[in-house]
Amino acid sequence: MSNGIQPKRIALFGSTGSVGSQALEVIAANPDRFCAEILTAQSNDDLLIRQALHFQPNIVVIGDERKYQHVKNALAKTDIKVFAGEKALEEVAAMDCYDMMLAAIVGFAGLRPTLKAVENGKAIALANKETLVVAGDLVMQKAIEKRAPIIPVDSEHSAIFQCLVGETRNRIEKIVLTASGGPFLGKKPNYLVNVKRDHALQHPNWSMGAKITIDSATLMNKGLEMIEARWLFDIKPEQVQVLVHPQSIIHSMVQFEDGSIKAQMGLPDMKLPIQYALAFPQRIPNAFPRYDFRKPGQLTFEEPDTKTFRNLVLATDALFRGGNLPCILNAANEIAVYAFLRNRIGFLDMTDLIERTMDHVPIIEKPTLEEYFESDGEARNFAASLIKL
Ligand code: NDP
Ligand code: MG
């Protein structure tokens with residue numbers, strides 16, 4: 001694309017993660033269209049350094065301040081500016097030097113930098129669903145106010161977004177979020193009670209970061225995605241439906257008021273929604289493998305087993321009740337998932353921990369941003385106290 005247009009400058013927040021590294025592959029494959037302006041990591045200094053030497057960004061940020069000197073020394077011979085710490089993530093997000101943020105930090109930690117970018121009217125390619133789960137009302141309100149486009153990267157939401165292109169005047173009747181069902185599809189509690197971290201980390205269709213892989217195994221990921229969809233597409237809780245589709249070919253569907261259903265399909269590969277968000281509104285060519293309907297295979301659908309995967313019930317409750325409850329759910333879930341990953345609690349204990357935290361932390365109907373942060377902290381403390389006992 002040598003049309004004289006400058007490449008879009010991308011700020012990759014969470015560049016060392018699963019989404020971040022796949023986004024760098026997309027950028028590397030399209031050097032005329034994109035360049036990496038900012039790279040950030042939390043603690044993986046070695047990978048951050050390798051990425052920086054390869055992509056020559058303007059700025060890198062390492063979250064863990066103890067790693068600052070190592071990164072600084074390794075990049076001493078370059079012009080790359082190095083910053084460290086949580087505050088630096090926000091400061092850099094507020095800078096004018098980039099065109100689009102890829103929000104690919106995992107968890108609640110992604111909220112502040114993403115919000116800062118929105119406040120500065122930046123376009124966001126949003127992978128960090130927790131940002132919308134925690135404070136979707138405030139983030140979307142700010143995005144409208146600042147005319148900051150939010151393009152989803154999450155594959156289901158990218159699918160819905162793609163189905164909605166050209167439908168601005170048409171109302172959505174229902175959104176069908178497809179779920180692979182994760183590695184434990186069809187399993188019952190008597191099996192799940194003994195499941196260990198390494199087994200839960202084996203996802204059948206997607207290779208992702210540890211937290212979202214566990215969320216997929218417990219179906220919390222789909223719960224978070226229901227809340228994400230509610231805010232992204234400005235729909236009512238009752239307009240979101242979850243459908244298990246183990247092959248992950250249909251990435252999600254929209255049903256309109258005339259009963260017509262649009263679906264977006266393709267092989268499961270995160271590079272596709274990442275590339276779509278970075279290049280929107282253009283579609284750009286690639287050589288990714290294609291889905292072939294002529295090959296033997298079946299697309300199947302079933303209802304989620306909410307008796308076994310109760311996280312989906314808890315998330316639905318949070319979706320309908322709103323206020324700070326999704327924020328509490330998210331915080332308790334983060335604590336639960338990290339405790340499970342450290343073999344501190346069992347697979348089914350995660351749900352109990354979240355449920356007890358949701359029952360404990362006081363509900364606020366219309367929280368301010370500060371109140372969301374307080375609820376997050378309170379929920380984390382309470383959830384953590386349950387583990388120590
Ligand atoms: P990873 O765990 O692979 O990567 C997370 C990234 O965030 C890393 O760069 C990590 O740095 C950084 N990070 C971690 N903790 C912090 C922190 N406290 N402060 C600042 N940065 C931090 O996650 P994924 O790439 O899998 O997921 C990222 C987001 O995208 C999540 O919200 C997830 O739900 C969403 N998503 C992911 C999909 C996927 O396929 N992976 C699909 C759809 C959505 P370091 O490497 O140094 O730890
Ligand atoms: Mg998803």
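A few comments on the model shown:
- Flag if Val176 is within 30 Å of Leu348 (Cα to Cα) and more than 16 Å from ligand 2 (Cβ to nearest atom): no
- Ser216 being within 12 Å of ligand 1 (Cβ to nearest atom) and open to solvent by 60 Å² or more (accessible area, probe 1.4 Å): no
- Among residues of the range 131-142, those that are farther than 16 Å from Phe161 by Cα and open to solvent by less than 10 Å² (accessible area, probe 1.4 Å), counted: 6
- Residue within the range 155-165 that is open to solvent by 10 Å² or more (accessible area, probe 1.4 Å), β-branched (Val, Ile, Thr) and either touching a residue at least 12 places away in the same chain (Cβ under 8 Å) or farther than 20 Å from Glu303 by Cα (or both) present: yes
- When the residues of the range 335-389 are filtered to those that are assigned to a helix (DSSP H, G or I) and β-branched (Val, Ile, Thr), the one that is nearest to the chain's Cα centre (by Cα) is Val337.
- Considering (1) assigned to a loop (DSSP other than H, G, I, E, B); (2) modelled with pLDDT of 95 or more, the lone condition that Pro204 does not fulfil carries the number (2).
- Close pairs (8 angstrom Cβ cut-off, 6 or more residues apart or separate chains): of a type in the set (S, T, N, Q) and open to solvent by 20 Å² or more (accessible area, probe 1.4 Å) in the range 111-123, outside any loop (DSSP other than H, G, I, E, B) and within 14 Å of ligand 1 (Cβ to nearest atom) anywhere: Asn120/Ala93
- Matching option when the condition is open to solvent by 10 Å² or more (accessible area, probe 1.4 Å) and closer than 21 Å to Asn330 by Cα, among Ala200, Ala210, Ala179: Ala210
- The sole residue among Pro296, Pro273, Pro326 that is modelled with pLDDT of 95 or more and farther than 30 Å from Val361 by Cα is Pro273.
- Considering residues of the range 70-87 that are open to solvent by 20 Å² or more (accessible area, probe 1.4 Å) and part of a helix (DSSP H, G or I) only, the residue farthest from ligand 2 (Cβ to nearest atom): Asn73
- Whichever residue in the range 355-378 is surrounded by 15 or more Cβ atoms within 10 Å (Cβ to Cβ) and polar (S, T, N, Q) and, among such residues, is nearest to Ile335 (Cα to Cα): Thr357
- The strands (runs of 3 or more DSSP E) found wholly in the range 219-316 include none carrying at least 3 residues that are without any contact (Cβ under 8 Å) to a residue 40 or more places away in the chain and more than 19 Å from Leu126 (Cβ to Cβ).
- Residue that is closer than 28 Å to Ala210 by Cβ, within 16 Å of ligand 2 (Cβ to nearest atom) and open to solvent by less than 20 Å² (accessible area, probe 1.4 Å), where the choices are Ala11, Ala36, Ala23: Ala23
The values are calculated or read from the model by the stated rules, or taken from the named source; none is laboratory data. Values in this document were obtained by computation on a predicted structure and should not be read as measured data. Cβ: placed from backbone, ideal geometry, glycine included. Neighbour counts: every protein chain shown. With ligands, DNA and RNA removed, areas are computed over all heavy atoms of the protein, side chains included. Shrake-Rupley method; radii C 1.70, N 1.55, O 1.52, S 1.80 Å.
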